[in-house]
Structures are given as structure tokens and as C-alpha cells.
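Here the structure comes first, spelled out in C-alpha cells, and everything after it is commentary.
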Amino acid sequence: MRLLIKNIKTLVQITEPDHTVVAGKAMKKLKTLDDAWLAIEGDKIAGFGRMEDWEGISDWTNLKVIDATGKFVFPSWCDSHTHLVFAGSREGEFVDRINGLTYEEIASRGGGILNSSNRLKNAPEEELLAGAMERLNEIMLQGTGAVEIKSGYGLSLESELKMLRVIQKLKTLSPLTIKATFLGAHAVPAAYKGRKADYIKLLTEELMPAIQEENLADYCDVFCENNYFTPEETIHILEKGKKHRMIPKVHAEQLSNYGGVLAGVKCGAISVDHLEYVGEAEIEALKGSGTMPTILPGAAFFLSLPHPPARKMIDSGLSLALASDFNPGSSPSGNMNLMIAIACIQYRLTPEEAINAATLNSAYAMGLLETHGSICVGKKANVFITKEIPSIGFIPYAFGSNLVETVILNGKVIEFKQ
């Protein structure tokens with residue numbers, strides 16, 4: 001199958017094959033091409049250029065043509081941090097927060113992660129799979145083409161493996177590119193209250209070998225936070241994960257400045273995520289490391305947390321990625337267009353910086369930089385076509401609208417049922 005998109009108003013995020021992540025002042029730059037065409041062969045980008053240089057098509061066999069007059073073409077968003085396999089919603093906790101309870105207070109009385117864990121324990125795989133597929137289709141319609149999904153609501157040998165097997169099935173059923181993360185260290189389950197060391201032993205000595213045997217996870221993550229896992233425990237778990245072929249990630253500095261970023265850098269984590277309480281020491285540690293700082297605007301917005309110092313991190317010369325944290329408790333949305341808008345409106349990122357964070361840099365944060373995140377010959381043909389819009393800045397400006405009109409994944413136009 002071949003596909004030609006012609007008369008594109010603007011083709012966004014063009015890169016060369018030898019590109020890398022974008023950092024510091026360079027994040028304000030976004031290479032584009034006006035009045036353009038884009039050609040797709042099979043599941044790869046085959047070429048692009050200006051319409052004035054287009055000599056036409058000599059072979060129309062199996063060629064589908066899309067006229068994108070007045071429309072923009074973007075590489076699909078890469079969402080490098082989600083928890084979208086779950087059982088049931090948690091709007092009751094949402095109301096509790098409105099009435100004055102904090103995230104920690106809700107968690108201390110059995111809410112939060114433990115609430116989702118209890119629901120998931122009794123949910124059959126078929127129910128989890130069906131719910132997750134609905135969410136994947138939703139974010140696909142909003143322009144996401146690659147997504148990372150974590151376990152972490154299982155918190156037991158059986159339930160963690162159940163979650164990871166569901167994610168494995170999603171990889172075969174969805175056209176989205178999916179990465180799996182083992183997050184057994186999301187919280188200490190009630191059954192192990194006062195016995196955290198025993199729970200960590202379960203994670204590292206029983207779960208990790210089972211995960212490796214079935215090849216169920218690409219990454220290992222830890223929630224490094226007060227009342228969850230210490231920096232020392234985080235390092236221990238992540239180093240064990242590396243021995244079982246799982247690349248480290250860390251939930252870091254979400255509720256306090258606790259040492260998660262420093263632990264992640266020490267372990268060579270591919271990303272450290274949340275970062276509301278990042279300080280100077282964390283910024284300095286990230287400089288020169290291979291660890292991608294990743295902000296999750298949906299969680300900070302939904303929980304009314306302090307804004308992560310995104311502007312300061314970029315101005316300090318760092319790269320920055322952006323993801324949704326789609327989950328039932330603290331960010332019940334996987335809409336990356338909304339996440340980009342929040343980053344622009346509340347964190348003062350420019351549209352170009354936010355788009356770089358949601359494409360190239362977030363592709364790096366999930367190990368997909370070579371295949372996703374930009375318009376580049378040979379990369380995966382995961383793109384979307386907007387409705388007719390006036391400019392790139394209109395994406396975050398019109399924060400309440402879905403401006404995605406056509407989704408193309410693996411070189412195929414996705415047909416959505418109405």
C-alpha cells in the first residue's frame with residue numbers, strides 16, 4: 001500500500017536521519033515545510049518535499065491520495081508515561097479532594113493506588129483488555145501514535161503478571177506502538193504493611209525472573225517518594241531490574257524533593273517523570289546525563305500540585321519530554337493536545353517547545369527515537385492530519401478542541417467507527 005498526502009499547508013517536525021534529542025534554546029526551533037507533499041510506502045515514510053518540486057506520480061497502482069489543503073501534518077504524539085490498564089474509575093476521590101482531602105490523606109485511608117489495586121485484583125483479563133482498548137482508541141483519535149503503559153495496580157505476583165500480559169496482548173491488537181513498564185514498586189500493598197523488605201524481595205526475586213522469562217516488560221519503574229520507596233530502595237530495585245533486561249525509569253519529585261531524580265541518574269534511567277519539586281541539584285545532575293526529564297501536566301493540573309519548573313529546566317540547557325500520565329486517580333486523560341496546551345498556558349513553554357517535548361524527546365523517553373517522533377525518511381509512518389487551522393500555535397490555543405482529522409499509523413489510514 002502506498003499513500004500520498006499532497007497540498008499540505010505545513011509539514012511539521014522534519015528531521016535528518018542522524019538527529020538527536022532537542023535541548024535548551026534549540027527547543028524553540030521546529031523545522032517545517034510549507035506547501036508540501038509526503039509519501040508513504042508500506043509502513044515507512046518514503047519521501048517529502050515542496051509541491052513546486054513535485055513532478056507527479058508515474059505509477060498510481062495501489063496509491064491512495066489525500067488532499068491536505070489548508071491542513072497541517074504532524075508526526076504522531078509519543079506518550080511516554082501512562083497507566084491506562086486499570087479497573088474502574090476513582091471520581092469519588094476527585095470529590096474528596098474538592099472537599100479538602102490531600103492525595104496523601106486519601107491514600108492513607110485505602111484510596112489512591114491501593115484502591116485501584118483492589119479493583120484490579122478481581123477484574124478478569126478480558127475486562128481489562130476491553131477497557132484498555134477503548135482508551136487506546138480514544139488517544140489514537142487525538143493523535144497519539146506510540147504509548148508506554150505501566151503495571152503497578154497489581155501489587156502481587158499474580159496481578160502484576162496479569163497486567164503485563166494484558167499489555168502484551170494490546171501490543172498485538174492495537175496499531176499503536178506500545179512499550180511496557182513493570183511498576184511493581186508503585187506502592188506497598190496492605191498485605192505487606194510493616195514488611196516492605198519482604199515486598200521488595202518478592203519484586204526482585206520472584207516477579208522479575210517471571211517477567212524476563214515471558215519477555216513482558218521493556219522498563220522497570222519505581223515511585224520514589226516519602227511513604228512509598230526511598231532513593232536507596234529505588235536504586236536497589238532498578239539495579240535488579242537491569243539484570244533482568246529492564247531499563248530504569250523513575251517517578252520522581254512529584255510530592256516532595258525526595259531524591260528520585262538523583263537515584264534515576266545514578267542508575268542510568270532513560271527518564272525521570274513528574275518533577276514538580278525539582279531543584280538546582282536535580283537540574284545539575286541531569287546535565288550531561290542520558291536521562292530525560294519528563295513532565296506530566298495532567299497530573300499536576302488534576303491534583304492542583306505546584307507546576308514543575310519546566311521553563312527553568314529548558315533555560316538551563318536541558319531537554320524536556322512531555323507525557324499524559326493517563327490513569328484513573330491523578331490524570332484521567334490521555335489527550336496529548338491538552339497536555340501540550342497546559343504546558344504552554346501554565347508552564348510558559350512555547351508551542352514549538354511543547355511539540356518538541358511531545359514528539360522527539362518523548363520518543364527518546366520510550367526508546368523510540370530512531371523510529372518515531374519526527375518526519376524523516378525511513379521512520380515509521382505514524383502521522384496525523386489536522387483540520388484546517390491557521391498555525392502551529394492554534395493547537396495549544398484551541399485547548400478544548402480536537403483538531404485531529406485523519407490518523408495514519410503504520411502507513412494505514414485508521415477508520416474510526418462513529
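When THR181 is tested against (1) under 19 Å from the mean Cα position of the chain (by Cα); (2) surrounded by fewer than 23 Cβ atoms within 10 Å (Cβ to Cβ), exactly one condition is not met: (2).
Return the residue satisfying two criteria in turn: it lies in the range 394-418 and is of a type in the set (A, V, I, L, M) and in a loop (DSSP other than H, G, I, E, B), and of such residues it is nearest to THR350 (Cα to Cα). Filtering first and then ranking leaves ALA398. Is it fair to say SER362 is closer than 20 Å to VAL407 by Cα, open to solvent by 10 Å² or more (accessible area, probe 1.4 Å) and among the polar types (S, T, N, Q)? Spelling it out, it is not the case that SER362 is closer than 20 Å to VAL407 by Cα, open to solvent by 10 Å² or more (accessible area, probe 1.4 Å) and among the polar types (S, T, N, Q).
Applying the set (1) surrounded by fewer than 17 Cβ atoms within 10 Å (Cβ to Cβ); (2) of a type in the set (Asp, Glu); (3) over 27 Å from GLU105 (Cβ atoms) to ASP198 leaves exactly one unmet item: (3).
For the range 400-418, enumerate the residues that are modelled with pLDDT under 95 and either open to solvent by 70 Å² or more (accessible area, probe 1.4 Å) or touching a Gly at 6+ places or on another chain (Cβ under 8 Å) (or both). Passing the criteria: GLY400, GLU415, LYS417, GLN418. All conditions but one from (1) more than 30 Å from TYR103 (Cβ to Cβ); (2) in contact with a strand residue (DSSP E or B) (Cβ under 8 Å, 6 or more places away or on another chain) apply to ALA323; the one that does not is (1).
The residues on offer are GLY373, GLY393, and the sole one that is over 18 Å from the mean Cα position of the chain (by Cα) and either modelled with pLDDT of 95 or more or more than 21 Å from THR294 (Cβ to Cβ) (or both) is GLY393. Filtering the range 105-118 to residues that are surrounded by 13 or more Cβ atoms within 10 Å (Cβ to Cβ) and either more than 16 Å from PRO332 (Cα to Cα) or under 22 Å from the mean Cα position of the chain (by Cα) (or both) leaves GLU105, ILE106, ALA107, SER108, GLY112, ILE113, LEU114, SER116, SER117, ASN118. Evaluate the following for PHE86: is it within 22 Å of LEU369 (Cβ to Cβ), open to solvent by less than 40 Å² (accessible area, probe 1.4 Å) and either in contact (Cβ under 8 Å) with a residue 40 or more places away in the chain or aromatic (Phe, Trp, Tyr) (or both)? Considered against the rule, which asks whether it is within 22 Å of LEU369 (Cβ to Cβ), open to solvent by less than 40 Å² (accessible area, probe 1.4 Å) and either in contact (Cβ under 8 Å) with a residue 40 or more places away in the chain or aromatic (Phe, Trp, Tyr) (or both), PHE86 comes out as no. Annotation note: Cβ proximity below 6 Å between a residue of the range 102-121 that is within 14 Å of VAL85 (Cβ to Cβ) and a residue that is buried (at least 16 other Cβ atoms within 10 Å of the Cβ) and among the aromatic types (Phe, Trp, Tyr) (sequence gap 6+ or interchain) occurs for SER116/PHE86; SER116/TYR153; SER117/TYR153; LEU120/TYR153.
So is GLU93 over 26 Å from TYR364 (Cα atoms) and either surrounded by 18 or more Cβ atoms within 10 Å (Cβ to Cβ) or without any contact (Cβ under 8 Å) to a residue 40 or more places away in the chain (or both) or not? In short, yes.
Among the residues making up the range 191-236, those that are of a type in the set (Asp, Glu), within 20 Å of CYS267 (Cα to Cα) and either at pLDDT below 95 or part of a helix (DSSP H, G or I) (or both) are GLU205, GLU232, GLU233. Restricting attention to the range 149-182, the residues being within 19 Å of GLY367 (Cβ to Cβ) and among the basic types (Lys, Arg) number 3.
Does GLY259 count as at positive phi, out of contact with any helix residue (DSSP H, G or I) (no Cβ under 8 Å at 6 or more places or on another chain) and open to solvent by 10 Å² or more (accessible area, probe 1.4 Å)? So GLY259 does not fit the description; no. Being open to solvent by less than 10 Å² (accessible area, probe 1.4 Å), on the phi > 0 side of the Ramachandran plot and in contact with a strand residue (DSSP E or B) (Cβ under 9 Å, 6 or more places away or on another chain) holds for only one residue in GLY367, GLY373, GLY378, and it is GLY373. Just name the residue that is most open to solvent (accessible area, probe 1.4 Å) out of those in the range 237-247 that are of a type outside the set (Lys, Arg) and part of a helix (DSSP H, G or I). Across the range 237-247, the extreme among qualifying residues is GLU239.
Contact map, the range 1-22: first residue at positive phi and at pLDDT 95 or above, second residue of a type outside the set (Val, Ile, Thr) and part of a loop (DSSP other than H, G, I, E, B), Cβ cut-off under 8 Å, separation 6 or more or different chains; pairs are ASN7/ALA68; GLN13/LEU30; GLN13/LYS31; GLN13/GLY373; GLN13/SER374.
Checked against (1) open to solvent by 40 Å² or more (accessible area, probe 1.4 Å); (2) over 27 Å from TYR219 (Cβ atoms); (3) free of Cβ contacts under 8 Å to residues at least 40 places away in the same chain, GLU126 passes all but a single condition, namely (2).
The values are calculated or read from the model by the stated rules, or taken from the named source; none is laboratory data. Everything numeric in this text was worked out from a predicted model, so none of it was measured. Note that we place each Cβ from the backbone using ideal geometry, even for glycine, and neighbour counts take in every protein chain shown. When the accessible area is computed, the model is the full protein with side chains, heavy atoms only, and any ligands, DNA or RNA have been set aside. Shrake-Rupley method; radii C 1.70, N 1.55, O 1.52, S 1.80 Å.
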